[in-house]
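Encoded as structure tokens, the structure appears first; notes follow it.
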Amino acid sequence: MSDSDEDAPALSTHTLAALQDFYRDTSSSSASDQFTVGAVGEDWSLSQFWYSDETAAQLAEEAVREAGEGGRIACVSAPSVYQKLKQGSVSGSDRVSAVVLEYDRRFSTYGEDFLFYDYNEPLALSDAPPQSFDFVIADPPYLSEECLTKVAQTVKYLSKGKVLLCTGAIMEKVAKELLDVKMCSFLPKHNKNLSNEFRCFVNYPSRLL
């Protein structure tokens, strides 16, 4: 041992244990922070508008309840709901699995849970077998019949049956024709106010109705 080693300050056992606890807590916090709603910033050029934390939680609770034990959930252009499911703050979220289908490759940080999705190619879903999800929630990026029609193709391909659609109230008639969904009384909110009235639609008996 050199003189410099002998002179180096040493941490007490108590201090070292406290420091290890601190780093462990910090590491755990960082892991959960990546799933915070808004952890990935909105890109308005991609028509991204994240749900409020309360709305994301309510939609995640609905997904868990309807998917059932061991259920699979697909979040189509609805990353806020996926993030809330992965936070572990929603009861039962540890008993389901979820994936996020997104055009924005920033979400590829979620690894195998991320499936690249371009609504212009609604059936280019090689990593997602047909009718493989117990619950599908979709939020088409644009308020247009063309966009909703293509997203509806994706939803029908993925879904075993239960569908929750989030879109503008003005799309009610088209949504009914495409997916046989009914408007809910539940009013979803966003972190930033939208100029268009936004609503949820479902094709099954739901508490949100």
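Looking at segment 136-151, which of its residues are buried (at least 22 other Cβ atoms within 10 Å of the Cβ) and of a type in the set (Gly, Ala, Ser)? Give the steps one after another, and end with the answer.
So the first thing to find is which residues in segment 136-151 are buried (at least 22 other Cβ atoms within 10 Å of the Cβ), and the list is 136-140, 148, 151.
Of everything in segment 136-151, just one residue is buried (at least 22 other Cβ atoms within 10 Å of the Cβ) and of a type in the set (Gly, Ala, Ser), namely 138.
For residue 108, state whether it is open to solvent by 10 Å² or more (accessible area, probe 1.4 Å), touching a strand residue (DSSP E or B) at 6+ places or on another chain (Cβ under 8 Å), of a type in the set (Gly, Ala, Ser) and without any contact (Cβ under 8 Å) to a residue 12 or more places away in the chain.
On the way: open to solvent by 10 Å² or more (accessible area, probe 1.4 Å): yes; touching a strand residue (DSSP E or B) at 6+ places or on another chain (Cβ under 8 Å): yes; of a type in the set (Gly, Ala, Ser): yes; without any contact (Cβ under 8 Å) to a residue 12 or more places away in the chain: yes.
The answer is yes for residue 108.
Hey, does segment 78-96 have a residue that's buried (at least 24 other Cβ atoms within 10 Å of the Cβ), among the aliphatic types (A, V, I, L, M) and part of a strand (DSSP E or B)? Lay out the reasoning, then the answer.
Restricting attention to segment 78-96, the residues satisfying the condition of being buried (at least 24 other Cβ atoms within 10 Å of the Cβ) are 78-85.
Add one more test, that the residue is among the aliphatic types (A, V, I, L, M), and what stays is 78, 81, 85.
So of that shortlist, the ones also part of a strand (DSSP E or B) come out as none.
Among the residues of segment 78-96, not one is buried (at least 24 other Cβ atoms within 10 Å of the Cβ), among the aliphatic types (A, V, I, L, M) and part of a strand (DSSP E or B), which makes the answer no.
Which residue is surrounded by the fewest Cβ atoms within 10 Å (Cβ to Cβ), if the candidates are limited to segment 185-209 and must be closer than 20 Å to residue 134 by Cα and free of Cβ contacts under 8 Å to residues at least 60 places away in the same chain? Give the derivation first.
So the first thing to find is which residues in segment 185-209 are closer than 20 Å to residue 134 by Cα, and the list is 200-209.
In the following step, the residues that additionally are free of Cβ contacts under 8 Å to residues at least 60 places away in the same chain were identified as 201-203, 205, 209.
Numbers: 201: 24, 202: 22, 203: 19, 205: 9, 209: 13.
Of everything passing the filter in segment 185-209, 205 is surrounded by the fewest Cβ atoms within 10 Å (Cβ to Cβ).
Exactly one of these conditions fails for residue 133: (1) open to solvent by 10 Å² or more (accessible area, probe 1.4 Å); (2) touching a strand residue (DSSP E or B) at 6+ places or on another chain (Cβ under 6 Å); (3) at pLDDT 95 or above; (4) more than 21 Å from residue 50 (Cα to Cα). Give me its number.
(1)
Under 6 Å by Cβ, and 6 or more places apart or on different chains, what pairs join a residue from segment 66-86 that is under 9 Å from residue 97 (Cα atoms) with one that is of a type in the set (Ser, Thr, Tyr) and modelled with pLDDT of 95 or more?
Every condition considered, the pairs that remain are 72/97; 85/93.
Could you say whether any residue in segment 118-129 is buried (at least 18 other Cβ atoms within 10 Å of the Cβ), without any contact (Cβ under 8 Å) to a residue 40 or more places away in the chain and over 26 Å from residue 196 (Cα atoms)?
Yes.
The values are calculated or read from the model by the stated rules, or taken from the named source; none is laboratory data. What you see is a predicted model; the values in this text were computed from it and never measured. When we count neighbours, we look across all protein chains shown, and the Cβ atoms used for this are built from the backbone with ideal geometry, even at glycine. Accessible surface is based on the protein model in full, side chains and every heavy atom, while ligands, DNA and RNA are left aside. Shrake-Rupley method; radii C 1.70, N 1.55, O 1.52, S 1.80 Å.
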